[in-house]
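Here the structure is laid out as C-alpha cells; the discussion comes afterwards.
Just so it is clear, none of the values below were taken in a lab; they were calculated from the coordinates. Predicted model, so just to flag it, every value in this text is computed and none were measured. For neighbour counting, all protein chains shown are included, and Cβ atoms are generated from backbone atoms with ideal geometry for every residue, glycine included.
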C-alpha cells in the first residue's frame, strides 16, 4: 500500500469536475485505490464518484490517497497532479 | 429498479445539451438534463432516499438500492456560493421523491451569465443500466426521466 498526502488546490474542492477526473483516473488502476480526509474519517473507494462526492473534500483540505500494487506510485503521481492544479472555479 | 424523476419542469436537452464537457461527455455519469422554466421554483428530490450531500447548487440522494443520483442546478453555479439558493432540507434527511429540496430562480442564474441547465446524473452507473432515458421534449417536474436497474 502506497500513500500520499495531498492538499486540494482546486477552488471548488473535490467536486463535480475535479471529482470526475479523479475517479476516472483512479478507475484505470488494477488494484484498490482509496481516499480519506487527513486526520479523520474512513477511507472511501476512490473509484466511486458517489463516495468521492460524499467525502466532500474542500479547497485547502488535505487528503490521503492510497493505492495497491504495480504502478501505485505512478497512479498517485497522476492523482496528485490533478488535485494540485488550482483550476478555476467551475462546475 | 430506481425511477428517477425530473427535479424541475422545462425542456429536456439530454446530457449532450449541457454546456460543460465533463457533464456532456458523461464523465460524471450517465443521465440526462433539463433546461428549466425561467421562473422561481423548487428543485425536487429525484428519488426517495437519503440526502448524502446537499450544496445550494447541487445535491445527491441515495435510494434504498444504493443508487445515488446527482442533481446539479446550473453550470458554474458553485461560484455563487449559495447566493440565490434556499435549502429546504438538510444533509442526512430522509426524503421522498418529488419533495422540494432547494428553492432557486433559473432566470436569475441566467441573468448572471450562467446556464441554469440541470444535469441529473446516475452515479457509479454504466450507461446500459439506464433505460427509457428522456432526452428531448417538455417535462413537468416529478415526471420520470429514466429508470435505473
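Numerical summary
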quantity	calculated
Some residue of segment B:63-72 being assigned to a loop (DSSP other than H, G, I, E, B), under 12 Å from the mean Cα position of the chain (by Cα) and more than 8 Å from chain A (Cβ to nearest Cβ)	no
Subset of segment A:25-61 that is in contact (Cβ under 8 Å) with a residue 24 or more places away in the chain and in a strand (DSSP E or B) - its residue that is farthest from residue B:79 (Cα to Cα)	A:33
Any hit, segment B:82-92, residues being within 14 Å of chain A (Cβ to nearest Cβ) and over 27 Å from residue A:48 (Cβ atoms)	yes
Leading residue by the ranking (nearest to residue B:124 (Cα to Cα)) among those in segment B:22-40 that are in contact with a strand residue (DSSP E or B) (Cβ under 7 Å, 6 or more places away or on another chain) and more than 10 Å from chain A (Cβ to nearest Cβ)	B:30
Positions within segment A:9-24 being more than 9 Å from the chain's Cα centre (by Cα) and either within 21 Å of residue A:70 (Cβ to Cβ) or part of a loop (DSSP other than H, G, I, E, B) (or both), in sequence order	A:9, A:10, A:11, A:12, A:13, A:15, A:24
Filter pass, residue B:19 being more than 9 Å from every other protein chain (Cβ to nearest Cβ) and out of contact with any strand residue (DSSP E or B) (no Cβ under 7 Å at 6 or more places or on another chain)	yes
Condition broken by residue B:91, with the remaining ones in (1) in a strand (DSSP E or B); (2) closer than 16 Å to residue A:15 by Cβ; (3) over 14 Å from the mean Cα position of the chain (by Cα) satisfied	(1)
Residue among A:47, A:37 that alone is under 18 Å from residue B:28 (Cα atoms) and surrounded by 15 or more Cβ atoms within 10 Å (Cβ to Cβ)	A:47
Complete set of residues in segment A:25-53 that are away from every other protein chain (no Cβ under 14 Å), closer than 21 Å to residue B:62 by Cα and under 12 Å from the mean Cα position of the chain (by Cα)	A:34, A:35, A:36, A:43
Matching residues in segment B:110-128 - criterion: being assigned to a strand (DSSP E or B) and within 12 Å of chain A (Cβ to nearest Cβ)	B:119, B:121, B:122, B:123
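To keep it simple, each residue is scored yes or no on (1) crowded, with 19+ Cβ neighbours inside 10 Å; (2) under 21 Å from residue B:29 (Cβ atoms).
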{"residue": "B:71", "(1), (2)": "yes, yes"}
{"residue": "B:78", "(1), (2)": "yes, yes"}
{"residue": "B:93", "(1), (2)": "no, no"}
{"residue": "B:106", "(1), (2)": "yes, no"}
